[in-house]
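One structure is given below, encoded as structure tokens.
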Amino acid sequence: MSRSNWQKSSYSGASNECVEVRAADSQVELRESDAPATILRTTPTTFAKLLQAAKAGAFDHHAAPTP
């Protein structure tokens, strides 16, 4: 099985509370850095659609308001 190293967003800084991503065979794997044993696996196409939706603000209503 071919896997790359886990990567986290540069926006995470030194925080360990982030989502990490890596390529694994022909899939994309995601995990929470504070719960590394739980891994979500999806296709590159589905992952790209998730990123596009997030960038478009589709999930903004779930975010806590900033003071």
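Throughout, read-outs are computed from the coordinates displayed, never taken from laboratory work. Computed from a predicted model, the values in this text were never measured in an experiment. Positions of Cβ are generated from backbone atoms using ideal geometry, with glycine treated the same way; all protein chains shown enter the neighbour counts.
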Residues in segment 35-49 near a label at Ala64, defined as backbone nitrogen under 20 Å from the 7 Å Cα→Cβ point? 35
Calculated Cα Rg over 2.2 N^0.38 Å (choose from (i) 2.33; (ii) 1.12; (iii) 1.22), label: (iii)
Please get the size of the charge dipole for the chain, origin at its Cα centre, with Cβ charges of +1 on Lys and Arg and -1 on Asp and Glu, quoted in debye to the nearest 20. 220
Cα axis of helix 44-55 to longest principal axis of the chain: angle in degrees, 0 to 90, nearest 10? 10
How do 2-11, 31-40, 55-64 rank on mean C-beta neighbours within 10 Å, highest first? 31-40, 2-11, 55-64
Remind me, relative contact order of segment 1-44 in percent, using alpha carbon pairs under 8 angstrom and six or more residues apart? 31
